[in-house]
Amino acid sequence: MSLHSEETGSLMAVIGDEDTCVGFLLGGIGEVGEDRETNFMVVEKDTTPGQIEACFKKFLRRPDIAIILINQGYADLIRPTVDAHDLAVPTVLEIPSKQQPYEASKDSILKRAQSVFSPPERRF
C-alpha cells in the first residue's frame, strides 16, 4: 500500500493507454488492494467502450478514490457517462495522450467552469 493511501485513504485512479499508465505507476500512484483490485486500467486496442465505462463506474463507486485521470480520447468514447458525473469527489480530470492532443472544448469540467465564470461570448 502506498504511503499516501495509508495516511489519507484517498487514491488517484488512471484510465489510459500503456504509456500514460506506466508513467503514473512509475510516479507511485499504483495500488493493489487486498482483494487484488487495482486503481488503474490500461486500455488496449481491443478494449471496448463498454469495458472502459464499466471500469470508470467502478472507480466512481470506490470510496478510496478521490481523483480519476482519464485520457481524453477514452473519455470521448464514454462521453455521456463522464458528463453525467457532477460530484466534486471523485474529481474526473481528462488528460492528453501521445496519440491525441488535449481539446479544451471537450473537457466536461472546463465546460462547466466556462458556463459559470465566462461571459456568454467567450464560452465554447
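The values are calculated or read from the model by the stated rules, or taken from the named source; none is laboratory data. Values in this document were obtained by computation on a predicted structure and should not be read as measured data. Positions of Cβ are generated from backbone atoms using ideal geometry, with glycine treated the same way; all protein chains shown enter the neighbour counts. These area figures cover heavy atoms from the full protein model, side chains too; ligands, DNA and RNA do not enter into them. Shrake-Rupley method; radii C 1.70, N 1.55, O 1.52, S 1.80 Å.
Close amide-amide hydrogen proximity is noted between Ile15 and Met41, Leu69, Ile70, Asn71, each under 5 Å apart and 5 or more residues distant or on a separate chain (H modeled in the peptide plane; Pro and chain starts excluded). Shown here for the range 28-89: trypsin sites (Lys or Arg not before Pro) in loop regions (DSSP other than H, G, I, E, B) with at most 14 other Cβ atoms within 10 Å, namely Arg36, Lys45. Residues within the reach of a label modelled at Asp64 (point 7 angstrom out along Cα to beta-carbon, backbone nitrogen below 19 Å), restricted to the range 17-47, are 24-42. Close amide-amide hydrogen proximity is noted between Ile65 and Leu11, each under 5 Å apart and 5 or more residues distant or on a separate chain (H modeled in the peptide plane; Pro and chain starts excluded).
How much of the accessible area of the range 1-101, in percent, comes from carbon and sulfur atoms when a 1.4 Å probe is used?
Values: 3250 of 5690 Å².
Of all accessible area on the range 1-101, carbon and sulfur atoms account for 57 percent.
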